[in-house]
There are 4 protein chains.
Amino acid sequence: MTTSAILLISAPDKKGLVFTLTQFIYEHGGNILHAEQHIDEENPFFFMRIEWDLTHFDVPRELILSALEPIQNDWNMDITLSFSDTPTRVALFVSKQDHCLADLLNRVHHQNLNMTIPLIISNHRDHEALARFYDIEYHHFPMLSDNKHDVESKQLGLLNEQHIDLVVLARYMQVLSDDFVAHFPHQIINVHHSFLPAFVGANPYAQAYARGVKLIGSTAHFVTPVLDDGPIIAQHVINVSHKDSLSSFIQKGKELEKQVLTDAVKKYTEHKILVFKNQTVVFD
Amino acid sequence: MTTSAILLISAPDKKGLVFTLTQFIYEHGGNILHAEQHIDEENPFFFMRIEWDLTHFDVPRELILSALEPIQNDWNMDITLSFSDTPTRVALFVSKQDHCLADLLNRVHHQNLNMTIPLIISNHRDHEALARFYDIEYHHFPMLSDNKHDVESKQLGLLNEQHIDLVVLARYMQVLSDDFVAHFPHQIINVHHSFLPAFVGANPYAQAYARGVKLIGSTAHFVTPVLDDGPIIAQHVINVSHKDSLSSFIQKGKELEKQVLTDAVKKYTEHKILVFKNQTVVFD
Amino acid sequence: MTTSAILLISAPDKKGLVFTLTQFIYEHGGNILHAEQHIDEENPFFFMRIEWDLTHFDVPRELILSALEPIQNDWNMDITLSFSDTPTRVALFVSKQDHCLADLLNRVHHQNLNMTIPLIISNHRDHEALARFYDIEYHHFPMLSDNKHDVESKQLGLLNEQHIDLVVLARYMQVLSDDFVAHFPHQIINVHHSFLPAFVGANPYAQAYARGVKLIGSTAHFVTPVLDDGPIIAQHVINVSHKDSLSSFIQKGKELEKQVLTDAVKKYTEHKILVFKNQTVVFD
Amino acid sequence: MTTSAILLISAPDKKGLVFTLTQFIYEHGGNILHAEQHIDEENPFFFMRIEWDLTHFDVPRELILSALEPIQNDWNMDITLSFSDTPTRVALFVSKQDHCLADLLNRVHHQNLNMTIPLIISNHRDHEALARFYDIEYHHFPMLSDNKHDVESKQLGLLNEQHIDLVVLARYMQVLSDDFVAHFPHQIINVHHSFLPAFVGANPYAQAYARGVKLIGSTAHFVTPVLDDGPIIAQHVINVSHKDSLSSFIQKGKELEKQVLTDAVKKYTEHKILVFKNQTVVFD
C-alpha cells in the first residue's frame, strides 16, 4: 500500500481552482489517485476532495500545508490535510445500550475502519468488560444533578490528552453543553433514532408507532448547539407494518442505528465529509 | 378465473372468531382461497381478510350479507363485502401536474389494477386531451375565491351519480372541506409529497432541501379533516445527496409519488386495507 | 408472556381444512394468535402456520400431536408442532471467517433470536476464544484428505447428543456428504455468497467482479445433496459500482451474508418456513 | 441555462493527466462545472468526465476537438465530446410489449430526458397509434424467416438518415446480427428481464420462478455480438415470495424493466458512461 495525502477544500467558486490545485500536485511529483468536486451553484461555492500518491512527491508531509499557503490565501480556501496511513483517533461515548458500541468495536477489531479508539466514556459501568476484551480504556462518569460542568471538563481533558479527532455518541443519552460542543466543531457525530426532522427529541420510536408510519428511520448527524438540528451525514430507513409492535420498531431501529452510524463514521475516517451552511457534502 | 367473495372484518378479539367465520364459509360450500388476520394486542382487536371461491357456494351473492347478520351481531363485527369480478369505481381529482394521473390511466388501460375510472375532476383544463385519449369523462371546475361550497356540491353530485367507491387525489392542490370528506370516510386517498409526518403542509421538497436530508419520501394516506394527518397507507423513500438540486428533489419525488399512490390504490382495489384508530392494517 | 403452540401444516388442498383446524383449537379452548395460510394453486397444495395461546387449552402439550392424529390422517397432513417457550437448538459450523459467527453469537447473547447454541464445530482452532467468551462448547475437527467419513460420524454423534434441531453453516467451507445431509433434511441452512443461481460454486465475488455486475447478492438456503441448489430461504443484494474493487465486493458481501443468514435463521426459529418441491414458503 | 461542453476521456494512467486537461480548459477561459474521474488500478487506466461552461470559452465548439488533438496524441486518449444543448438522437426498437416504450415516450414528452426520438422501429403494427399521439415516425418491418439481412439493411439506412446516436431495444424480441451491432458499438442498449448473468436467454421469469428465488431482477446493458453478455450499465431487483405467481413475477418485472432502462438511457444521454474491457464506468 502506498501512502497518500488527502486534501479537503472549501472555497468560493472561481475559474482556475482545479487547475491551480492539480498544478501544485503535478509540479511536485504527485500522482492523483482520486478527485471529486462539487459546486454549490446557488452560493456559489466550491468543494473538493483530492487524494494523491506521496511516493514521488517532493514536499515532505509536514511542509505541505505551508507550501499550500499562498494558494490558500489567494483563493480564500478552507483546507484540511490528512494522510492515509494515519488512522482517525475516535472517542466513543455510550450510555446503557451497547449495540452501536459493540458493532463499532468489532469493525475496528477486524480493521474495517481506518480508526483507533483510545478511550470509551460512559455514564454507566455496563460496558467495562467489553472494553477490557478489546483492551480499550474505559472511563466512567456518573451523571448527577449538579456535576455536568465538572464531568465535561474532565472529559475534555481526556480527549485532549489522547489527541482525539472525532467524538462518536454511540447512543449516549446525555445532552452535551454548548461549551463542550464548541471544542469539537463538526467533530462530534450522533446517531438519532428517527428519520430527522420527523420525531425530534425523546422517544421517537413511540412517536412513530403512534402515528402509524410504514417506514422508520435513523439519522447520523454532526452535533451542534441546537438539539437534533446539526448537519445530516446519513439516513437509513426500513419498512414497518401493522404487524410490528413498538418493541419490534425498537429492534429494527437498532439495526438501522448501527448501519447509519457506521456509514457516517466510515465517511469521516475516509475524509469525505465537508460541512457548509448546516448541510454536508459527502463524497462517494 | 373463478369469482370470489372477499370479507374485510374488524371486531373486538374473542376466542372462536376464526372458527365461526370459517364454519360459515365451509357449511355453505365455499373454498377459502386466502385468509389473513391480525390481532392488535393492546386493545385487543381482531382484523381479517378472507376470500373464498363462489363456484359451489350456496348463498346467492346478494344474500350473503344478510346471511352473515347473526354472526355480525353476536361478535359485534364491522363487515365489508366485495367481489373479485366487480372493479372498484374510482374518481380521479387532479390539478396541474399530471404524472400520477398519467401513470394511473396507463395502468388501468393495461388492466394492472382492478378498477374503472368513470370520471376525472380537475380545477384546470390541462388534461382534457389525455382524458379523451382514454375515453373518460373530464369535469372542469375552476376554483374561485367564493365558489368552493358550490363546486363541491356539484362534485358530490357527480360522484353519487357514478356510484364512486374511492376518490383519488392524484396531486390535487385543493383542500377538501370537512363536509366533503365526511361523505367519503376512508374512501379518499391522497398522495403527500413528503415522508410524513416530516414536512407537513406546503412545499415539502423545499423544506427537505433546506434541511439537507439524505432521503426524501412520499406518503399515501386517507384524507381526514385534519390536514396531512389521516391514516398512512404506504410510504416510499429515495436517496438524495449534495449533488441534488431542488429541481432534482422534485423530479425524484415525482417517481415516488407515482409508486406510492399506485401501491395504495392497488391495495384498496384488492380490499386489503382496514382502518383502526387513525392507523391502517394493510394485508400483503 | 403467554406460552403458545405453533403448527406448521402442509396438505393437499381441500375444502374445509381451515375450518377443521380452527374447530380443533376452538373446541379445546385455544385462542388463535396468528394464522397464515398459502395455497399453491398449480398443484394444488395447502400450507398453514397457526399459533394459539395455551393458557386455557385443555390438551396437555405432550398429547396435542396424538389428539391431532385423526385430522392428520383424514387430510393427509404433514405436521410440525413447536412451542414458543422452547428455543431451537442450533449447532454452528464455521471455518476461518468469523463475521457470521460473531454476529449470530452476539444476537443470541442479546436474546434477539429464540435459540440456544449448545456447540460450535470448526475445521480450525481460530474461534475458540470467542466461543469461550460466550461459554459455548467448541469442537475442532481438522480436515485431512481421508478422514471425512470419520469426522462426520463424530459430528453426527455430537449433534444427536445435544438434540440439535438445526445446523447453521456460518461460512463453513467444507462440503457435507449426502449421508450427513440425509440426517438433517431441511434442517441445515447455508449462506452462499452470491445471488443464486448466479455464480454457483467457488469464488462468486471474483466471478461477479469479472462480469462487471452492478449489484452483488447473498443467499441463505437449505442444504440438499446438490451443491448450492437447495430451497432458497432469503436473498439480499447491495449496489456496487466501478469504484468497488474485488476486496470491497467481499467487504460489502460480508454485511449481506450476516443479514441474510440472520434473517433465515430467525424465520426458522420462529417456525415460519415450509418446504415444498425445492422451494420455500416463508411466512411474514 | 448556460451551455456546457462535456468530455469523456479514457487513457492509460499517467501523472499529469488531470493537470493537462484542466490547464487546457482554464487557459481557454472555461469554468469547470463538474469533474469526475476514475482510475482502474489493475490495468492501470484513467477515465474522466469533465464538463465546463462555454460562456467565456475562446475556442469555437466546432474547433475544440482539433484544439485537443495534441493532448489526445501525447496521452493516447480516447475522447468523446458532447454539448449540453444537443439532445441525444435515439431510435426505439420494440416488439409487442409496450411498457418500456410508453414510459420512455412519456418521459421525453415531459422533458425528463435530454433526448429526441426521431423514429420507432417495430416488427409489429401494435404501437402505431401511440407513435402518432407523440408525433413520431413509426416503421414496421415484419420479420419473416428469410428477410433479416434485408430488413436490417433498411433499418440501418433509416438510422443513418436520422443521424441516430443511440439505439434502445425497449423489449425488442429480435436478435440483431453481428453486422448490425458492429455499426453501433456501445450505442445499443438492451433491457434483459433478469438479474444477469442469472437466467440468460429465453423466459428468465419462468426460470426464476422454477428456482424459487426471493428476488427478481432486470439488467440494462450494451449489446455486443455475444447474447446477453455485453457491458452491464444498471441492474435493479425487487422482492418476490411464495405469494407471487409467474404472472406477478412478470408484472413486477415490467416495473423493473422500465426503471432500469430509463436509468441506463438517462446516464447515456448525460454522457456519463464509459466502456472498458466489457465493463462500464457509470459516473453519478
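The values are calculated or read from the model by the stated rules, or taken from the named source; none is laboratory data. As the structure is a computational prediction, the values presented were derived from the model and not from experiment. No Cβ is skipped: glycine too gets one built from the backbone with ideal geometry, and neighbour counts run over all protein chains shown. Note: areas computed on protein heavy atoms with side chains; ligands, DNA, RNA excluded. Shrake-Rupley method; radii C 1.70, N 1.55, O 1.52, S 1.80 Å.
Worth pointing out:
- Being over 30 Å from D:H193 (Cβ atoms), under 21 Å from the mean Cα position of the chain (by Cα) and among the hydrophobic types (A, V, I, L, M, F, W, C) is true of D:A35.
- The one condition in (1) in contact (Cβ under 8 Å) with a residue 60 or more places away in the chain; (2) under 19 Å from D:T22 (Cβ atoms); (3) buried (at least 20 other Cβ atoms within 10 Å of the Cβ) that A:I79 fails to fulfil: (3)
- Residue check for A:L169: of a type in the set (A, V, I, L, M) and surrounded by fewer than 20 Cβ atoms within 10 Å (Cβ to Cβ): no
- Taken over the range B:20-33, the criterion of being open to solvent by 40 Å² or more (accessible area, probe 1.4 Å) and in a loop (DSSP other than H, G, I, E, B) is satisfied by B:H28 alone.
This table checks each residue for (1) modelled with pLDDT of 90 or more; (2) farther than 25 Å from C:E270 by Cβ; (3) more than 14 Å from every other protein chain (Cβ to nearest Cβ); (4) open to solvent by 20 Å² or more (accessible area, probe 1.4 Å).
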residue: C:Q97; (1), (2), (3), (4): yes, yes, no, yes
residue: C:D103; (1), (2), (3), (4): yes, no, no, yes
residue: C:N106; (1), (2), (3), (4): no, no, no, yes
residue: C:H110; (1), (2), (3), (4): no, no, no, yes
residue: C:N114; (1), (2), (3), (4): yes, no, no, yes
residue: C:L119; (1), (2), (3), (4): yes, no, yes, no
residue: C:H124; (1), (2), (3), (4): yes, yes, yes, yes
residue: C:H127; (1), (2), (3), (4): yes, yes, no, no
residue: C:L144; (1), (2), (3), (4): no, yes, yes, yes
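- Restricting the range D:250-281 to residues that are assigned to a helix (DSSP H, G or I), aliphatic (A, V, I, L, M) and over 9 Å from the mean Cα position of the chain (by Cα), the residue that is nearest to the other protein chains (Cβ to nearest Cβ) is D:V260.
- Scanning the range C:259-284 for residues that are open to solvent by less than 30 Å² (accessible area, probe 1.4 Å) and within 26 Å of A:D103 (Cα to Cα) yields a total of 6.
- Residues that are among the aliphatic types (A, V, I, L, M) and at pLDDT below 95, drawn from the range D:22-56: D:I32, D:L33, D:A35, D:I39
- Only one of the listed residues (D:K154, D:K148) is in contact with a His (Cβ under 9 Å, 6 or more places away or on another chain) and either over 30 Å from D:Q259 (Cβ atoms) or modelled with pLDDT of 95 or more (or both). That residue is D:K154.
- Criterion (at the interface with another protein chain (Cβ under 10 Å from one of its Cβ atoms), open to solvent by less than 40 Å² (accessible area, probe 1.4 Å) and assigned to a helix (DSSP H, G or I)) met by exactly one of A:A234, A:A198, A:A220, A:A208: A:A208
Rundown of residues vs (1) assigned by TED's automatic domain parsing to the domain that holds B:Q187; (2) out of contact with any Phe, Trp or Tyr (no Cβ under 6 Å at 6 or more places or on another chain); (3) under 23 Å from D:N106 (Cα atoms), yes/no style:
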| residue | (1), (2), (3) |
| --- | --- |
| B:D58 | no, yes, no |
| B:I64 | no, yes, no |
| B:I79 | no, yes, no |
| B:F93 | yes, no, yes |
| B:L101 | yes, yes, yes |
| B:D126 | yes, yes, yes |
| B:L144 | yes, yes, no |
| B:D150 | yes, yes, no |
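- Taking the range D:4-19 as the range and being modelled with pLDDT of 95 or more and either open to solvent by less than 40 Å² (accessible area, probe 1.4 Å) or facing chain A (nearest Cβ under 9 Å) (or both) as the test, the residues that pass are D:S4, D:A5, D:I6, D:L7, D:L8, D:I9, D:S10, D:A11.
- Flag if B:L227 is more than 27 Å from B:I39 (Cα to Cα), aliphatic (A, V, I, L, M), more than 10 Å from every other protein chain (Cβ to nearest Cβ) and surrounded by fewer than 21 Cβ atoms within 10 Å (Cβ to Cβ): yes
- In the range B:37-72, the residues that are more than 25 Å from B:T2 (Cβ to Cβ) and touching a helix residue (DSSP H, G or I) at 6+ places or on another chain (Cβ under 6 Å): B:F46
- Sub-7 Å Cβ pairs linking a first residue in the range A:23-44 that is within 7 Å of chain D (Cβ to nearest Cβ) to a second residue that is open to solvent by less than 40 Å² (accessible area, probe 1.4 Å) and among the hydroxyl-bearing types (S, T, Y), at least 6 apart or interchain, are A:I32/A:T22; A:L33/A:S4, ordered by first then second residue.
- Tally of residues being surrounded by fewer than 20 Cβ atoms within 10 Å (Cβ to Cβ) and in contact with a strand residue (DSSP E or B) (Cβ under 8 Å, 6 or more places away or on another chain) across the range D:237-248: 5
- Any hit, the range B:174-194, residues being part of a loop (DSSP other than H, G, I, E, B), at the interface with chain A (Cβ under 10 Å from one of its Cβ atoms) and open to solvent by less than 10 Å² (accessible area, probe 1.4 Å): yes
- Flag for D:L113 being touching a residue at least 24 places away in the same chain (Cβ under 8 Å), assigned to a loop (DSSP other than H, G, I, E, B) and under 29 Å from B:F249 (Cβ atoms): yes
- Tallying residues that are of a type in the set (G, A, S) and over 24 Å from the mean Cα position of the chain (by Cα) within the range B:7-22 yields 1.
- Being out of contact with any Asp or Glu (no Cβ under 9 Å at 6 or more places or on another chain), touching a residue at least 12 places away in the same chain (Cβ under 8 Å) and outside any strand (DSSP E or B) holds for only one residue in D:R171, D:R132, D:R125, and it is D:R125.
- Residue that is part of a loop (DSSP other than H, G, I, E, B), away from chain C (no Cβ under 14 Å) and open to solvent by less than 40 Å² (accessible area, probe 1.4 Å), where the choices are B:V59, B:V90: B:V59
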